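Everything on this sheet refers to the single structure shown next.
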Amino acid sequence: MNITEPMFLALTALVDEPRHGYGIVQEVDRLSEGRVQLKIGTLYGVLDRLSAEGLVALDREEVQQGRLRRYYRLTDEGAGALREEADRMAANARAATTRLRARTADGAAFRRLVGGAA
């Protein structure tokens, strides 16, 4: 399964506790430091897909102020998928960082070799 960034963040938002839709939106905003702002329609598309894959499940429904609130929870399968994706992303970040460090070191060596002109 290809896990998109909104899916990754929604799964991450559910790690510590079940949340309702707006709670997930708020937590994704906090986790991404405002960079990812899920619209409710997008969120429910994400939740539908995650639910169909067995990564999240409906935890409970509550009526608050006359409105139905659905709470979702992370399944064990969802926690495993999130862990695998986090590991994959971390490995990619390590590879990029290693190459960037090498590029910086090679660039500095080249500049020293040619007398500062690069």
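The values are calculated or read from the model by the stated rules, or taken from the named source; none is laboratory data. Just so you know, these numbers come straight off a predicted model, no measurement behind them. Ligands, DNA and RNA are excluded from the accessible area calculation, which covers all protein heavy atoms including side chains. Shrake-Rupley method; radii C 1.70, N 1.55, O 1.52, S 1.80 Å.
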- For the chain, dividing by residue count, accessible area per residue (probe 1.4 Å) in Å² works out to 68 Å²
- Can you give the three extents of the C-alpha atoms in the chain along their principal axes, from longest to shortest, in whole Å? 73, 27, 21
- Counting only protein heavy atoms, what percent of the accessible surface of the chain is carbon or sulfur at a 1.4 Å probe? 49 percent
- Go ahead and set up a Gaussian network model of the chain, Cα springs under 10 Å, then flag whichever of 43, 14, 100 fluctuates most. 100
- In terms of solvent-accessible area of protein heavy atoms at a 1.4 angstrom probe, what is the ranking of 77, 62, 84, 27, highest value first? 84, 77, 62, 27
- Length-normalised contact order of the chain in % [C-alpha pairs under 8 Å, at least 6 apart]: 24 percent
- Given 0.36 nm per residue, what is the gain on full extension from residue 106 to residue 29 after removing their alpha carbon distance, in nm? 23.9 nm
- Express in nm, to one decimal, how much length is gained between residue 95 and residue 61 on full extension, taking 0.36 nm for each residue of separation and deducting their alpha carbon distance. 7.9 nm
